[in-house]
Each structure stands twice: as C-alpha cells, then as structure tokens.
Amino acid sequence: MKMLFAFRKTLLGPTYGSPLEKMQILPTTNTTDSQKRYLVYITKDKVGLQILPVDGNPHKSSAFICHPGGVSNLASSYDGRYVFTAGGNDCTVMKWEVNLNALDAAASLGGEDLIPFYNLLDGGREGEFFRELEDYFYYAQLCSHGIDTLETRQVSTHIPLEEIPSVMRAMGFYPSEEKIEEIINEVKFSKYADTGEQVTTISFEDFIKLYINHRPVFGLSMKRIQQAFQVLGYDNENGDKVIDRGDLLLLLQHRGEAARTVVCLAPAILWWEWKLEPLQGQCSLKSHLHQNVSL
C-alpha cells in the first residue's frame, strides 16, 4: 500500500543545543487573551516556552537549564501556572513557575514583521549577505521575463516559484530535489485551504522567511566532513584520509538521493574555473576529479 504524506510547513523551532525531546500545549486559564496559546518543551537539559503559532521568530521562544545531567520528562499543572521536570541520574523533580508576560515582552522587544528575521541573516538588514540576496532575487525576476527581451517589463515584487531553488543555491544552500519539491509545494498550497487556489509566485519578504526556515540550522561543519572521510575513506601513503574517486561518484549516484553524473561533476568544474583553468573540449570526470579526493 502506497502512502502519501503532505508537508504543510517547515519552520525554525527552538534551537538550544539539542532537538526537542518532548512538547505539549500549555493550559492557559489565567491569560487576558484566550486566543493566545503557548508550547512547553524540553531538550536534552533545558525546559522552555514557545509562543504559538511557530513562525521561525527566535524571540518567541525561551529556555533555561533545568537538569545539567539531563531531563527525562515534563508535566504541567492544570492551569498552566507551573511546569514540572524530572531529571535522570540525579533523581530530582523541579517545579517551575511560568511567567508568560516575560516571554511576551521579550517577543515584543525583538521587533515586528521581518525585523527578527533580518537579524538571523549574516550581517543583518544592512549586511553584505542581505544585499547579495536582494540582487539575486531581482536577477531572478529578470530571468523569469527573459534577459534579452525588448518588450516592456512588468515590474513586480514577486518571482515565480520555479526560481526559488536557483536563488537558494546562489546563496549557498543546496537542497536536494526532494527538499525542493517540498519547499515549492509548501508555498504553492499555502492558501489552498482558504481560497482553493494555488500560489504561483513569492514575494521577497516571504522568500526571506522561507530561506531562514529551511536552511540548515547549524550548517555543514568541517567536523562532519572529517567524520565522513573517516567512515568512507582510507589512509594513503602519507597517512591522510582520502576517498577513491570511483567510490565517491558511486556513492553520490547510488546511495541516498541518487545524483546524476552532471550534478556530481558540477562542483569539480566550478573548482577548476575558480582556479582560472578554463575547460577545454568535453568535460570528463578524469580530467576534473583527482583519483583520490582528500580534505
């Protein structure tokens, strides 16, 4: 039996050193706004609160260390005024008084609209990264209308959904084909339940939120690359960890989400172009990838 899963939305959640291990809606009987809801959660050693709905705004979440040796469970009182956490090896139970006003104040001080999201970009609103993102977005607008067209251009603040992967890759985020499909479907059907229509374009402001919520939270570190070489590679005559070219291409094309040969070759081509060695004739794997790939 084939089962289909639909992803409604991917959002940046609380990041406090480890993934969330348990969460529950906090009962709120003592708030002035009955429509406002909160989420209580625990990570490896922290307990925290999150204002709902989650939208990627980091100022809507707060967490504190509750059990340095690790927290195993949590529970809340019937009225949401207190949260109880249980430790692991320390065999302790802590009682925490909930102060929702402090969390609301922190969210307000963090700014409204896109201000919290600008601060999540390298350099903020005035940084070089934001200016590059803006340039790539507007260039995607030109591409969608045709670079060489002589017709009058329709100025717009949106780009077609098909241009989303190109802009994200230009900014250094390389989602898989499966991830790209999820991202585009998320935007395409974001208003379908309300209007019955599909979204075909995205604004610059919404693209910033989309990029922040989908990019890797911690990025790809050198430590993870070194671990991959430890697992996949072998020691050469100099004692360095290397991966055989054929083995690397075989893994890229047949393990996980299979990549086409041209996709595997693209980073090598870009590397040689950057080294100011123009490509001559047909591109071949042997001419652009060394026999042994190392760090």
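Quick one: Debye curve from the C-alpha atoms of the range 43-87, no solvent, what's log10 I(q)/I(0) at q = 0.14 Å⁻¹?
Normalising to I(0) and taking log10 leaves -0.38.
Just to check I understand the Karplus step: with θ = phi - 60° and J = 6.51 cos²θ - 1.76 cosθ + 1.60, what whole-Hz values come out for the range 48-55, glycine and proline as x?
These are the phi-based 3J(HN,Hα) values: x, 10, 9, 6, 9, x, 5, 9 Hz.
If I model a spin label at S77 and M222 as a point 7 Å from the Cα along the Cα→Cβ vector, what separation in nanometres do I get?
5.1
Using the C-alpha atoms of the range 166-260, what convex hull volume per residue, in cubic angstrom, is computed?
Working: hull volume 13.3 nm³, N = 95.
Convex hull of Cα atoms, per residue: 140 Å³.
How big is the antiparallel share of DSSP beta bridges in the range 41-91, given as a percent to the nearest 5? Numbers along the way, then the final one.
Details: 12 of 12 bridges.
Once the DSSP bridges in the range 41-91 are tallied, antiparallel ones form about 100 percent.
Read phi for every residue in the range 165-171 and hand back ³J(HN,Hα) as whole Hz from Karplus 6.51 cos²θ - 1.76 cosθ + 1.60, θ = phi - 60°, with x for Gly and Pro.
x, 5, 5, 5, 5, 4, 8
Which FRET efficiency value, to the nearest 0.05, do you get for D206 and L150 by plugging their Cβ-Cβ distance into 1/(1 + (r/R0)^6) with R0 = 45 Å? It would help to have the intermediate numbers written out before the result.
On the way: r = 31 Å, r/R0 = 0.68.
Once rounded, the FRET efficiency stands at 0.90.
Rounded to the nearest 0.05, what FRET efficiency do I65 and Q24 have when you use their Cβ-Cβ distance and R0 = 22 Å?
Calculated value: 0.65.
Using bins 5 angstrom wide from zero, how does P(r) for the range 43-197 break down, in % of all Cα pairs?
Cα pair-distance distribution for the range 43-197, in percent: 1, 7, 11, 12, 14, 13, 12, 10, 8, 6, 3, 2, 1, 1, 0.
At N238 and L114, where each label point lies 7 Å from the Cα along Cα→Cβ, what is the point-to-point distance in nanometres?
Placing both labels 7 Å along Cα→Cβ, they lie 4.7 nm apart.
With all protein chains present, how much of the accessible area of the range 180-245 (probe radius 1.4 Å) comes from carbon and sulfur, to the nearest whole percent? It would help to have the intermediate numbers written out before the result.
Numbers: 2020 of 4230 Å².
C and S fraction of accessible area: 48 percent.
If you project the alpha carbons of the range 114-240 onto their three principal axes, what span does each projection cover, largest first, in Å?
63, 36, 32
The values are calculated or read from the model by the stated rules, or taken from the named source; none is laboratory data. A quick note: this is a predicted structure, and the numbers were derived from the prediction, not measured. Cβ coordinates were reconstructed from backbone atoms using ideal geometry, including for glycine residues, and neighbour counts include every protein chain displayed. We work out accessible area using only protein heavy atoms, side chains counted, and drop any ligands, DNA or RNA first. Shrake-Rupley method; radii C 1.70, N 1.55, O 1.52, S 1.80 Å.
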